[in-house]
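For reference, the structure discussed in these notes is given below.
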Amino acid sequence: MNKYNKRIVVIGGGVAGAHAVTKLIDNGYPGELITVIDMGKDPYNRKPEEVMSGWLGSGGFSDGKLTYHHMIGGQLSKYTGEEKAYQLMDEVIETWKRFHPDPSKIMYSNPTEEPDFIKPYFGLRLFGVYHIGTDYLHEIGKRWYDYLVSKDVKFHWETKVTKIEFDPKWMNSSIKTGLVYIEGKQFEHPRNAMEYDELIFAVGKSGIDFAQQLAQDYKLPDEPKSTQVGIRFEAPQHHFQKLIDISYDFKLYRKFEDKGVSLRSFCTNNNAAYVAVEETYGDYSYNGHAKKDPKYLNNMTNFGILMEINGIEDPFEWSRKLVSKVQSHGTGLYYSPSRKPSITSEGNEVSAHQIDWEGLQAVSEHFQGYFSYITDFIEDMKKVFPTLGDDWGIYIPEVKYLSPEPLVNYNDLSLTKYPNVHFVGDALSARGITVSGAHGIYVAESLI
């Protein structure tokens with residue numbers, strides 16, 4: 001008889017949820033007791049442009065960079081300690097290799113010294129990065145999904161959770177079962193809901209508004225988070241080749257501690273680099289990805305320039321309002337002194353409304369004084385990379401929606417008020433594949 005008997009519901013089929021379920025299954029947890037719910041599609045039906053939701057989420061579908069540092073992409077070691085953090089990240093990396101059709105194709109870069117030529121304008125964060133490539137991600141997703149389906153894990157795709165009851169009032173208070181309400185689904189349960197014994201709340205960026213609503217409804221104690229917003233920068237690769245040779249996924253950064261602002265380049269893509277459009281809450285923003293197949297080579301580089309702004313009272317709502325203001329003609333914006341929007345990997349022009357200098361000044365006003373940090377960043381890049389000149393363009397905006405981080409128990413990432421509800425991934429302010437996956441594994445370990 002299997003020693004496991006708790007019904008586990010995972011909300012979100014992204015990286016965090018996938019790693020949690022895989023860890024459970026690998027340790028003998030019955031698949032029929034695990035249910036995964038996601039607003040997107042399975043890997044066989046998900047289209048390339050459906051970036052934001054679906055199996056393996058956004059990062060596992062169109063990015064594929066596994067950063068290797070306990071303080072990059074979210075504060076993993078805050079919960080686990082540094083030694084455990086690296087153990088978890090090692091397991092994440094091995095899981096991606098396990099489902100990769102050819103692990104030898106995974107590229108690894110690990111700069112060890114900050115080059116003099118970027119000083120005194122920028123610092124360079126030094127850490128290892130495993131780069132998988134977008135075209136391999138889709139095959140990995142299918143292999144991974146097939147494995148879990150073969151173990152009888154239940155999946156509900158294109159399914160929206162409308163409500164969660166952590167402590168159903170109709171039940172005996174000693175019973176710890178919760179309820180998940182699903183749009184358009186019928187259950188035999190008296191309240192037409194799905195019951196769970198353990199809930200793993202693993203929503204991605206598209207579900208952060210739901211996370212915030214839960215925090216408000218249940219008055220969850222939390223830690224305030226910073227605002228993270230900026231632009232996606234694109235230029236021909238040769239301008240940056242000197243730095244790319246040192247660090248493929250380079251992260252230039254600078255801090256203005258007295259202003260509560262720091263900036264960093266983020267998610268660098270090279271060789272076969274494409275800008276990706278994301279739709280969240282009805283508005284458009286930008287990200288990027290890189291292919292591995294030589295037929296996609298375009299010799300371009302793109303990366304985010306993100307500001308982390310402290311002191312804004314409601315970062316999530318502030319970011320939402322800003323993004324809504326920098327939209328035009330049903331899409332986001334593009335500015336360049338000399339270029340046009342580029343082409344996607346599918347051969348279409350990137351969806352963006354091109355603006356002139358006057359339009360850029362209007363954008364600056366919507367950023368409420370913060371856009372000058374981005375323009376200064378670009379001007380200094382032109383000094384460090386002297387061939388760059390005006391041969392670049394920016395897509396506006398790029399944003400990382402972060403709601404206040406709920407207080408959790410460090411041993412299993414469960415809510416301090418509800419010990420059978422675990423927050424992971426973006427819902428716990430992770431900003432990358434490795435940390436999100438580590439969250440999922442860490443919770444699964446506590447359940448087995």
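The values are calculated or read from the model by the stated rules, or taken from the named source; none is laboratory data. Computed from a predicted model, the values in this text were never measured in an experiment. All Cβ positions, glycine included, derive from the backbone under ideal geometry; neighbour counts span all protein chains shown. Protein only, heavy atoms only, side chains kept; ligands, DNA and RNA dropped before computing areas. Shrake-Rupley method; radii C 1.70, N 1.55, O 1.52, S 1.80 Å.
Worth pointing out:
- Count of the range 12-50 residues which are out of contact with any Leu (no Cβ under 9 Å at 6 or more places or on another chain) and of a type in the set (Ser, Thr, Tyr): 2
- You will find that of Val15, Val92, the residue that is open to solvent by 10 Å² or more (accessible area, probe 1.4 Å) and either free of Cβ contacts under 8 Å to residues at least 60 places away in the same chain or of a type in the set (Val, Ile, Thr) (or both) is Val15 and no other.
- Within the range 251-267, restricting attention to residues that are surrounded by fewer than 18 Cβ atoms within 10 Å (Cβ to Cβ) and more than 25 Å from Ser109 (Cα to Cα), the residue that is nearest to the chain's Cα centre (by Cα) is Gly260.
- Checking the range 303-314 against the condition returns no match, with no residue being open to solvent by less than 10 Å² (accessible area, probe 1.4 Å) and in a loop (DSSP other than H, G, I, E, B).
- Residue tally, condition under 14 Å from Phe233 (Cα atoms) and either at pLDDT below 95 or part of a strand (DSSP E or B) (or both), over the range 327-353: 3
- Those residues of the range 36-67 which are among the acidic types (Asp, Glu) and either outside any loop (DSSP other than H, G, I, E, B) or open to solvent by less than 20 Å² (accessible area, probe 1.4 Å) (or both), in sequence order: Asp38
- When the range 231-254 is limited to residues that are among the charged types (D, E, K, R) and in contact (Cβ under 8 Å) with a residue 12 or more places away in the chain, the one that is nearest to Pro115 (Cα to Cα) turns out to be Lys242.
- Residue list for the range 222-244, restricted to those being farther than 30 Å from Phe423 by Cβ and of a type in the set (Asp, Glu): Glu234
- For the range 23-35, a tally of residues being touching a strand residue (DSSP E or B) at 6+ places or on another chain (Cβ under 8 Å) and in a helix (DSSP H, G or I) returns 5.
- Checking each residue in the range 68-83 for being among the hydroxyl-bearing types (Ser, Thr, Tyr), in contact with a strand residue (DSSP E or B) (Cβ under 8 Å, 6 or more places away or on another chain) and either in a helix (DSSP H, G or I) or under 11 Å from His439 (Cβ atoms) (or both) picks out only Tyr79.
- Considering only residues in the range 269-295 that are of a type in the set (A, V, I, L, M, F, W, C) and in a strand (DSSP E or B), the one that is most open to solvent (accessible area, probe 1.4 Å) turns out to be Val277.
- All of Leu33, Leu24 fail the test of being more than 16 Å from the chain's Cα centre (by Cα), open to solvent by 20 Å² or more (accessible area, probe 1.4 Å), closer than 25 Å to Asn409 by Cβ and of a type in the set (A, V, I, L, M), apart from Leu33.
- Annotation note: of Pro115, Pro103, the sole residue that is in contact with a helix residue (DSSP H, G or I) (Cβ under 9 Å, 6 or more places away or on another chain), open to solvent by 50 Å² or more (accessible area, probe 1.4 Å) and either modelled with pLDDT of 80 or more or under 28 Å from Tyr410 (Cβ atoms) (or both) is Pro103.
- Restricting the range 341-367 to residues that are under 15 Å from Gly393 (Cα atoms) and free of Cβ contacts under 8 Å to residues at least 24 places away in the same chain, the residue that is most open to solvent (accessible area, probe 1.4 Å) is Trp357.
- The residue that is farthest from the chain's Cα centre (by Cα), counting only those in the range 1-21 that are more than 27 Å from His289 (Cα to Cα) and either of a type in the set (Gly, Ala, Ser) or part of a loop (DSSP other than H, G, I, E, B) (or both), is Met1.
- Answer from Tyr130, Tyr145 - the residue that is modelled with pLDDT of 95 or more and either within 20 Å of Ala18 (Cα to Cα) or open to solvent by less than 80 Å² (accessible area, probe 1.4 Å) (or both): Tyr145
- Residues that are in contact with a Leu (Cβ under 9 Å, 6 or more places away or on another chain), among the aromatic types (Phe, Trp, Tyr) and modelled with pLDDT under 90 do not occur anywhere in the range 81-100.
- In the range 368-407, the residue that is modelled with the highest pLDDT out of those that are more than 16 Å from Ile305 (Cβ to Cβ) and surrounded by 22 or more Cβ atoms within 10 Å (Cβ to Cβ) is Pro406.
- Identity of the residue in the range 213-250, part of a helix (DSSP H, G or I), of a type outside the set (A, V, I, L, M) and farther than 18 Å from Lys383 by Cβ, that ends up least open to solvent (accessible area, probe 1.4 Å): Gln237
- Evaluation of Thr416 against the conditions (1) without any contact (Cβ under 8 Å) to a residue 40 or more places away in the chain; (2) among the polar types (S, T, N, Q); (3) touching a strand residue (DSSP E or B) at 6+ places or on another chain (Cβ under 8 Å); (4) more than 26 Å from Glu91 (Cα to Cα) shows that the sole unmet condition is (1).
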